[in-house]
Amino acid sequence: MELSISLSSLRLSATIPRQIKPSSHDNRVIPIKPTTKKIKSSNFSSNCSNNKSILPLGLYGESRFSKSLLYGPDRRNTIRACAQAESADNYDSTVLTKVSRFGSACYKFVRPTSMHLTIISTTCLFARVLVENPQLFKWSLLFKAFPGLIAMLLSNAYYNGINQIYDVDIDRINKPYLPIPAGDISLEQAWYLVIFDVVTGLLILRMMNANIITTSIYCLGLLLGTFYSVPPFRFKQSSLATSIVNPLMAGILHNVGILYATRASLGLPFQWSPPIIFITTFMTLFYLVVTNIKDLPDVEGDIKHNIRTFPAIYGPRKITFLGTGILLVNYIGSMVVAICMPQAFKPYIMVPVHATLSLWLLYETRKLDKANYTKEKSANFFQLFWKLLAVEFLFYPFI
């Protein structure tokens, strides 16, 4: 008789004697020598998850040896160590997941589209000053200017953050994917983030030894951004106030502030030149349009919460056509200025660039009108304006 035992990680050879009580027919003792299959043990205890219980076999039950092997201190220590290792792995995985999710939520909280534009605009305005004064260029300037870029990003993050805190009820309808209405960030965490943005931005200016004018422009931008969203001011509830505050912040303070700060850091006096006048005027008119176009996808929520935007009052079609008309005048005026002032601008750059952007705008406006101003198409149309702005800033150092 042959007895076979198959275990995944053990090679065991055993001889189990047994005596069979003689019967009336055969009064003999029959020795039975069972054998076992050879089982590889090279991976035994290499992984806690594969460490099986090994039971010594006997035909008369467990022996003291079997109990010692199964319940001995070494076995208990091994099980305890495996459990602790598995628990540590699970804890590390959970912490890493939470940190990753919170980081992703913070990234959405700062509204990356506007952050990208801030990087492009700040870099290109800085580059314009260096193009006009190439003798002052040094590689070390780039490292000195980097903290200033961080300060601008923090101020932009503050504008977006404070707006989301006070618009949480509206965003549950218009933008449920944002971190606060989606539950990815609590209101308390959002407040910590915006306070961090303000304090860190001001500390950076202090470390850079920014003069009083640069610091005042920076603080004025923070103040207007607060008044735009926070009661009792809440300029965003008035279309007229919004159409004044946003162009003032993004068209004048942002551009003039960066150009002034850059020239001051290089020891240059600030003076109104044709390129500075052009970019300030162009962006002020552009943001006048953007301020109202951004409300196209939010008409439903704005009407429900009595936010009287121009699209909610007059309808999205009229505001879209009005905004497109203003931008076309802006583009045509840029081409005319370049042709009339070749000593200050480069017509071979400004004319084809602005003509192309005008055609692009008309094409997208026609598409939106055919789509009957649905929420999705209106959101896509608004994204177009960030692209148009980015292109304008990218060409600004070379005009």
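Structure notes:
- Surface analysis of segment 301-367 yields an accessible area of 57 Å² per residue, using protein heavy atoms and a 1.4 Å probe.
- When nucleic acids and ligands are ignored and a 1.4 Å probe is applied, residue 104 ends up with an accessible area of around 60 Å².
- Across segment 90-181, the mean sequence separation of Cα contacts (distance under 8 Å, 6 or more residues apart), normalised by length, yields a relative contact order of 39 percent.
- Rh by Kirkwood over Cα pairs, then Stokes-Einstein D for segment 323-399 at 1.567 mPa s and 4 °C, µm²/s: 97 µm²/s
- A simple spin-label model places pseudo-atoms 7 Å from Cα toward Cβ; at residue 102 and residue 141 they are separated by 4.1 nm.
- Here segment 171-313 was treated as a single set of alpha-carbon atoms; its pair distances binned every 5 Å from 0 give 2, 9, 14, 16, 18, 17, 12, 7, 4, 1, 0 percent.
- Model label sites at residue 196 and residue 303, defined 7 Å from Cα along the beta-carbon direction, differ in position by 4.0 nm.
- Accessible area in the full protein assembly, largest first, 1.4 Å probe, for 369, 302: 369, 302
- Where 305, 254, 354 fall by accessible area, highest first, once all protein chains stay in place (1.4 Å): 305, 254, 354
- Full-stretch length increase - residue 227, residue 369 - with 0.36 nm per residue and alpha-carbon distance subtracted: 47.7 nm
- Global geometry of segment 356-399, whether rounded, prolate or oblate, following the gyration tensor of its Cα atoms and the 1.5 cut on a/c: oblate
- Probing with 1.4 Å while keeping every protein chain in the model, the per residue accessible area of segment 202-274 equals 50 Å².
- Sulfur and carbon atoms: percent of accessible area, segment 313-399 [1.4 Å]: 69 percent
- In this structure, the residue pairs whose Cα-Cα separation is over 27 Å, taken from 98/236; 236/375; 236/318; 304/377, are 98/236.
The values are calculated or read from the model by the stated rules, or taken from the named source; none is laboratory data. Being a predicted model, the structure only gives us computed values, none of them experimental. Heads up, the Cβs are rebuilt from the backbone with ideal geometry, glycines too, and the neighbour counts pull from every protein chain shown. We work out accessible area using only protein heavy atoms, side chains counted, and drop any ligands, DNA or RNA first. Shrake-Rupley method; radii C 1.70, N 1.55, O 1.52, S 1.80 Å.
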